[in-house]
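See structure below.
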Amino acid sequence: MTEGPPGPTPGFLVWRLANKWRVAVDRALAPLDLTHAKYALVGSLYGMQHAGERPSQRQLADHTGMEALYVSKLARALEADGVIERTRDPRDPRAMRLALTESGLTVTREAVAVVRELVHQLLDPLGGLDTPRTRAFTDELLALLDAPLAPLPNDPTTQGTSP
C-alpha cells in the first residue's frame, strides 16, 4: 500500500497565509494609496509615535522586521506622498528620524480602522479575534518569530558577525 503525497509543509502554509493576508490588506488599503508594506511602516510608526518615540529608520526596520534598505525606500516614497517626514538625527547625521505628518496621521487612523475590520474577517474561521483559538494561534506565531535563526555556513550576509 503506497501513501499519497505528503501534505503541505508548515513553511509553505505560512508563506501562503502571509501572501493571502498581504493581498487582502493591499486591496483593502488601495483606496488610501497604501500597500501592506507601507501600512506596516505607518502603523508601526503610529504606535511608536503615540508612545512618545520618534524612531530612526533603523529602529523602525528592527521593529517591523523589514530590511533597513526597504524601510528607507518606503520612507522616501511616503515622504514624497506627504505621509511622513524624515529629518536628520542631530546626534547621528547618518540616521534619519521619522514622524507622521498631520495628513499621515489621518490616513493612518483610517487605515488602522480598515485593517482592524479586515483582521476580524480573516480570523473568523478561528472564531474571531478574541477567542482561545486565536490566542493559541498568536502564541504559536510568536514562538516561531522569537526563535533565533542560526547563521548558515558560508552565508555572506553573516560573515564577520557574531550570533
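The values are calculated or read from the model by the stated rules, or taken from the named source; none is laboratory data. Predicted model, so just to flag it, every value in this text is computed and none were measured. A quick note on method: Cβ atoms are made from the backbone with ideal geometry, for glycine too, and the neighbour counts reach across all protein chains shown. Heads up: the accessible areas ignore ligands, DNA and RNA and are worked out on the full protein's heavy atoms, side chains in. Shrake-Rupley method; radii C 1.70, N 1.55, O 1.52, S 1.80 Å.
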Rg to Rh, two decimals, where the range 1-83 supplies the alpha carbon set and Rh follows Kirkwood: 1.17
Grab the alpha carbons of the chain, take their convex hull, and tell me the volume per residue in Å³. 183
Which Cα, out of L144, A99, H63, lies furthest along the positive dipole direction of the range 52-154 (beta carbon charges, K/R +1, D/E -1)? A99
Under a 1.4 Å probe, what is the accessible area of the range 38-163 per residue, stated in Å²? 67
Along each of its three principal axes, how wide is the spread of alpha-carbon positions in the range 72-112, in whole angstrom units, largest first? 33, 17, 14
So how much slack lies between D62 and E85, counting 0.36 nm per residue of separation and subtracting their Cα-Cα distance, in nm? 6.4 nm
When the Karplus curve 6.51 cos²θ - 1.76 cosθ + 1.60 is applied with θ = phi - 60°, which whole-Hz ³J(HN,Hα) does each residue of the range 43-49 get, with x for Gly and Pro? x, 5, 4, 4, x, 5, 5
Taking a crude spin-label model, label points 7 Å out from Cα along the C-beta direction, the L129 to T101 distance in nm is 2.9
Taking the Cβ-Cβ separation of V23 and A147 as r and a Förster radius of 30 Å, what is the calculated FRET efficiency to the nearest 0.05? 0.70
When the chain is modelled as a GNM with alpha-carbon springs shorter than 10 Å, which of A18, A77, A99 fluctuates the most? A18
In nm, the gap between the two label points placed 7 Å beyond Cα toward Cβ at A136 and Y70 is 3.1
Expressed as a percent, the accessible surface of the chain that is carbon or sulfur, using a 1.4 Å probe and the full set of protein chains, is 58
Rounded to one decimal in nm, the spacing of the 7 Å Cα→Cβ label points at W15 and R116 is 3.5
Tell me what the chain gives for mean residue ellipticity at 222 nm when only DSSP H runs of n ≥ 4 count, each as -39,500 (n - 2.57), the sum divided by the residue total, rounded to 500 deg cm²/dmol. -18500 deg cm²/dmol
Whose amide H sits under 5 Å from the amide H of I84, counting only residues 5 or more places off or on another chain, with H placed in the peptide plane? E79, T101
Of D81, D26, D130, the one that fluctuates the most in a GNM where the chain has Cα springs shorter than 10 Å: D130
P(r) for the range 56-139: what percent of alpha-carbon pairs falls in each 5 Å bin, starting at zero? 3, 13, 15, 17, 16, 12, 12, 8, 3, 1
